[in-house]
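Please treat every number below as a calculation from the coordinates, not as lab data. Being a predicted model, the structure only gives us computed values, none of them experimental. Don't worry about glycine lacking a Cβ; one is built from the backbone with ideal geometry, like all the others, and counts go over all protein chains shown.
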Amino acid sequence: MRYYVETYGCQMNVYDSRKMEESLTADGLSASESPEGADLIVVNTCSVRQHAENRALARIRELGKRASEGAVLAVCGCMAQRMGSELFKYKGVRLVLGPDSYSKLGGYFRSARDGAKVLDTSRDDSFRFQASDSYRGWGVRGFVSIMKGCSNSCSYCIVPSVRGAAVSRPPEEVMEEALALSRAGVKDVTLIGQNVNAYCHGGVGFSALLDATAERLPGTRVRFTTSHPRDMNESVIEVMSRRGNVCEHVHLPLQSGSDRVLERMNRGYSKERYRGIVTSARRAVPDVSITTDVIVGFPGESRQDFEETRSFFGEMEFDSAFMFKFSPRPGTQAARLADDVPLDEKEKRLAELIELERRTASARSARLVGRELEVLVEARKVKDGVPMLTGRTRCNRTVLFEGSSEISGKLVSVKIDSSRGVSLSGRLVNG
Ligand code: SAM
Ligand code: SF4
């Protein structure tokens, strides 16, 4: 029996998909290269924007047609939680599983092979998937979930309703999983959660967890995402500056540079506070890379509000950003507000911000030219017929350089010769 998993959405879904693959492998199934060769096709979905849902639905329709006779199509993730049995109307869909029921996937697959249709969107606060040394699907970079759900109430966001309230994972489980990844060859571990700064378990907060993880994994890079500007604090920055293996990167979603809009988004911080965190992080960790998310066209966002976002965005000199048009999500507070920024104006604002992002991100990358950077070698890549290697810097940029594949998975030193957008090219130092 073979499985095929396709993933949409955020790092949580990437993590969940790897865990599903891990448990299916333990159940005796093997991976299929294509959906056509699979007995179980999993589509792990995202509900954050309507566009993401439309893409997944189009793909579910297509997979329903392409799947081999008798194959089981499973829709998992946030859309499964949100839409439930409605998804059974798509050809081939026999399993609809919310984010808390994946550990039962193998058993449900057998029931579906026997003809059942299974809907499981029940809630479960425990972390059913535990550490495993045998799984090799991560490669050199892996994620460890430190919490699930989110207890914030950002007015535009569907995550709390589909993923539930925040639950922090016991620190010992986090540590065990991080150690298991390291034993399985992972050299760069990211601690993930919707708002990692809100992590709290038995009196252990996020900075203590980060510190302990970095201490237990001395030869491994440690990262974290996503940070929240309301909860991010000096103690996290202090750990980042003190621990040599905690990488210099903070993903800190801004969402808007207008205090008026931030308040309507219910984000719980002002741009002054945001500026304070960035200033303090750059002072303590000079090479820190700051990346962000921004939403344009939120209900009531005036041209003036957008100009404030643009000006603040330019001032922050982000290393890169994900930028989105506001998309009303069912059941959220913002969906009850008039979606009054016309689509063409949303598109215009988005294009203006993307243009600015290209310039600031390129300028930040250009500053690295001439520097010697630590790079984790990830993969081989052929460019213009020449075999090359790609790797990742501590500040999370990709680097292309020539070298032998024998150094895959190793930390090497690369002298940066040129930059293009957020990508860098260089050459190995000392051969
Ligand atoms: N927990 C993270 C945070 O606090 O920013 C990420 C949540 S979400 C999975 C990723 C990004 O999607 C958000 O940062 C936000 O910019 C964007 N997003 C969320 N809801 C949205 C909506 N309704 N319309 C447009 N973009 C949205
Ligand atoms: Fe959504 Fe806000 Fe929670 Fe992020 S912090 S997942 S944007 S509610």
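Going through the stretch 1-33, which GluC sites (Glu not before Pro) have at most 15 other Cβ atoms within 10 Å and a DSSP loop state?
Passing sites in the stretch 1-33 are Glu33.
Using θ = phi - 60° and the Karplus relation 6.51 cos²θ - 1.76 cosθ + 1.60, list the HN-Hα couplings for the stretch 108-120 in order, rounded to whole Hz, with x at every Gly or Pro.
Result, rounded to whole Hz: 5, 4, 5, 5, 5, 4, 7, x, 6, 10, 10, 10, 9.
Could you pull out every residue, at least 5 positions away or on a different chain, whose amide H is within less than 5 Å of the one on Lys325? Hs are placed 1.01 Å off N in the peptide plane, and Pro or chain starts have none.
Counting only residues 5 or more places away or on other chains, the set is Val296.
Write out the cysteines belonging to the chain for which the nearest other cysteine Cβ is not under 4.7 Å, or none if no such cysteine exists.
Taking the Cβ cut-off of 4.7 Å, the unpaired cysteines of the chain are Cys10, Cys46, Cys76, Cys78, Cys150, Cys200, Cys247, Cys395.
Calculate the length of the line joining the C-alpha centroid of the stretch 254-276 to that of the stretch 100-119, in whole Å.
Using only Cα atoms to place each centre, the spacing works out to 43 Å.
Could you list, in their original order, any pairs among Lys117/Lys325; Lys348/Lys415; Lys19/Lys65; Lys19/Lys117; Lys91/Lys381; Lys271/Lys410 whose Cα atoms are separated by more than 29 Å?
Correct reply: Lys117/Lys325; Lys348/Lys415; Lys91/Lys381; Lys271/Lys410.
Convert each backbone phi in the stretch 82-96 into a coupling constant with the Karplus relation 6.51 cos²θ - 1.76 cosθ + 1.60 (shift: θ = phi - 60°), then list the ³J(HN,Hα) values in order as whole Hz, x for Gly and Pro.
For the stretch 82-96, the Karplus-derived couplings read 6, 9, x, 5, 3, 6, 5, 6, 7, 3, x, 6, 10, 10, 10 Hz, x marking Gly and Pro.
Provide the percentage of antiparallel DSSP beta bridges, counting only those with both residues in the chain; round to the nearest 5.
Rounded to the nearest five, the antiparallel share is 40 percent.
Below 15 angstrom from the Cβ of Ile416, what's the summed charge of the other residues (Lys, Arg +1; Asp, Glu -1)?
With Lys, Arg at +1 and Asp, Glu at -1, the neighbours total +3.
Assuming R0 = 45 Å, what is the FRET efficiency of Ser111 and Val386, from their Cβ-Cβ distance, to the nearest 0.05?
E(calc), rounded to 0.05, equals 0.35.
Quick one: check the C-alpha center-to-center distance for the stretch 172-245 versus the stretch 318-387, whole angstrom.
25 Å
Skipping prolines and chain starts, which residues have an amide H placed within reach, meaning under 5 Å, of the one on Arg141, given they are 5 or more residues away or on another chain?
Lys187
Using a Gaussian network model of the chain with C-alpha springs under 10 Å, which one of Ser103, Ser241, Ser122 is most mobile by mean-square fluctuation?
Ser122
Scan the stretch 247-347 for GluC sites (Glu not before Pro) in coil per DSSP, keeping those whose Cβ has at most 15 other Cβ atoms within 10 Å, and list them by number.
Listed in order of number, the matching sites are Glu317.
Would you look at the GNM of the chain, springs on alpha carbons closer than 10 Å, and say which of Asp287, Asp27, Asp259 moves the most?
With Cα springs under 10 Å in the chain, the top fluctuation among Asp287, Asp27, Asp259 is at Asp27.
Which ³J(HN,Hα) values in Hz, rounded to whole numbers, follow from the phi angles of the stretch 297-309 under the Karplus curve 6.51 cos²θ - 1.76 cosθ + 1.60, where θ = phi - 60° and Gly and Pro get x?
Karplus-based 3J(HN,Hα) across the stretch 297-309 equals x, 4, x, x, 5, 7, 4, 4, 4, 5, 4, 5, 4 Hz.
Rounded to the nearest 500, what is the chain's calculated 222 nm mean residue ellipticity when only DSSP H runs of at least 4 contribute -39500 (n - 2.57) each, over all residues?
Numbers: 12 runs with 144 residues, N = 431.
Calculated from helices alone, the mean residue ellipticity at 222 nm is -10500 deg cm²/dmol.
Given the options Arg49, Arg141, Arg66, state which has the largest fluctuation in a GNM of the chain using a 10 Å cut-off (strictly under) for Cα springs.
The residue that fluctuates most here is Arg66.
Non-local amide H neighbours of Ser418 (under 5 Å, H modeled in plane, Pro and chain starts lacking H): which ones?
For Ser418, whose amide H was placed from the backbone, the distant partners under 5 Å are Ser425.
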